[in-house]
Amino acid sequence: MTKRIQLTQELFYYRERFRSCNVYVLNAFDRAVLFDPSMGPEDVDILLPVTMLVATHAHYDHIGAINLWKEEMPGRPFLLHAGDLPMLRDSALNASVFFGRAATYQDPDRCPEDGETIEIDHEYQLRVYHTPGHTMGSSCFLIIRKQGEEEIPIALVTGDTLFDRAWGRTDFATGDDRLMRRSLESLHKLLSQLPPDLPVCPGHGATTTSEAACRFLERMDFAG
């Protein structure tokens with residue numbers, strides 16, 4: 001069983017060994033949400049039932065185990081932006097062929113849109129930010145805890161759009177450097193409005209904070 005790393009009271013992650021992808025798990029009130037299902041059900045230790053699967057984008061190293069999760073519980077919703085739908089059906093576009101494991105994947109149950117708020121339960125929700133560039137459908141997800149009328153940001157899951165002191169490649173088949181610049185500028189604006197110590201959770205490598213990520217983007221001239 002892969003060791004899990006705690007980030008906040010309700011959020012932890014695993015570092016998947018083969019593809020080096022970070023798999024994040026939100027423990028909500030009575031259910032769990034899994035981000036970037038690179039690991040199968042047998043590889044993780046999650047006490048609450050996983051009721052939602054969210055992919056930041058459709059590269060193999062982030063969705064490699066999605067079919068296993070769906071086979072285990074077909075009714076469990078899988079969320080992915082519509083911009084990445086063509087990648088699910090093409091092993092070159094989803095890059096699985098380059099890992100020596102050519103594969104295709106089933107369509108998502110729901111395609112979240114930019115600005116949409118996804119209710120997880122009475123206490124938690126996700127805010128969707130479409131950030132194309134690494135892929136056409138790449139998206140970031142702000143985890144929010146509701147406390148009465150107040151919305152408290154918990155963490156920002158950024159996939160392969162933004163890392164700790166780096167950003168995602170744009171030289172894959174569905175990448176776009178111009179769109180990446182626009183996405184990073186919009187992320188800078190978002191990060192500047194979030195608590196400075198908010199965890200920023202990338203698809204690979206170490207986590208960072210909104211303050212550190214904001215400073216990095218400013219140094220790299222992505223301040224908009």
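Restricting segment 147-171 to residues that are of a type in the set (Asp, Glu) and surrounded by fewer than 24 Cβ atoms within 10 Å (Cβ to Cβ), the residue that is modelled with the lowest pLDDT is Glu149.
For segment 68-83, which residues satisfy the criterion of being touching a His at 6+ places or on another chain (Cβ under 9 Å) and either basic (Lys, Arg) or free of Cβ contacts under 8 Å to residues at least 40 places away in the same chain (or both)? Step through it out loud before you land on a result.
Residues of segment 68-83 that are touching a His at 6+ places or on another chain (Cβ under 9 Å), as a first pass: 80-81, 83.
Hits for segment 68-83: nothing passes.
For the structure I just gave you, tell me whether Pro86 is under 17 Å from the mean Cα position of the chain (by Cα), closer than 24 Å to Trp167 by Cβ and touching a residue at least 40 places away in the same chain (Cβ under 8 Å). Full working, then the answer.
Numbers: under 17 Å from the mean Cα position of the chain (by Cα): no; closer than 24 Å to Trp167 by Cβ: yes; touching a residue at least 40 places away in the same chain (Cβ under 8 Å): yes.
When the stated conditions are applied, Pro86 does not pass them.
Take the conditions (1) in contact (Cβ under 8 Å) with a residue 40 or more places away in the chain; (2) closer than 15 Å to Val54 by Cβ; (3) loosely packed, with under 13 Cβ neighbours inside 10 Å; His122 misses just one of them, which is (2).
Residue-wise test of (1) under 17 Å from Ala58 (Cβ atoms); (2) in contact with a helix residue (DSSP H, G or I) (Cβ under 8 Å, 6 or more places away or on another chain); (3) part of a strand (DSSP E or B).
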{"residue": "Thr104", "(1), (2), (3)": "yes, yes, no"}
{"residue": "Ile118", "(1), (2), (3)": "no, no, yes"}
{"residue": "Val128", "(1), (2), (3)": "yes, no, yes"}
{"residue": "His134", "(1), (2), (3)": "yes, yes, no"}
{"residue": "Ile143", "(1), (2), (3)": "no, no, yes"}
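How many residues are farther than 15 Å from His204 by Cβ and in a loop (DSSP other than H, G, I, E, B) if we restrict to segment 14-36? Walk me through it before giving the result.
First, the residues of segment 14-36 that are farther than 15 Å from His204 by Cβ: 25-34.
When the remaining residues are screened for being in a loop (DSSP other than H, G, I, E, B), the result is 28-31.
Qualifying residue count for the region: 4.
Residues that are touching a helix residue (DSSP H, G or I) at 6+ places or on another chain (Cβ under 9 Å) and loosely packed, with under 14 Cβ neighbours inside 10 Å within segment 194-217 comprise Pro195, Pro196, Asp197, listed in sequence order. Just so you know, in segment 15-42 the residues that are of a type in the set (Phe, Trp, Tyr) and modelled with pLDDT under 95 include one that is farthest from the chain's Cα centre (by Cα), and it is Phe29.
The residue that is surrounded by the most Cβ atoms within 10 Å (Cβ to Cβ), counting only those in segment 91-102 that are polar (S, T, N, Q) and in a loop (DSSP other than H, G, I, E, B), is Asn94. In the set Ala65, Ala55, only one residue is in contact (Cβ under 8 Å) with a residue 12 or more places away in the chain, aliphatic (A, V, I, L, M), crowded, with 18+ Cβ neighbours inside 10 Å and in contact with a Leu (Cβ under 6 Å, 6 or more places away or on another chain); that residue is Ala55.
The values are calculated or read from the model by the stated rules, or taken from the named source; none is laboratory data. Bear in mind that the values here come from a model prediction, so they are computed numbers and not experimental data. Don't worry about glycine lacking a Cβ; one is built from the backbone with ideal geometry, like all the others, and counts go over all protein chains shown.
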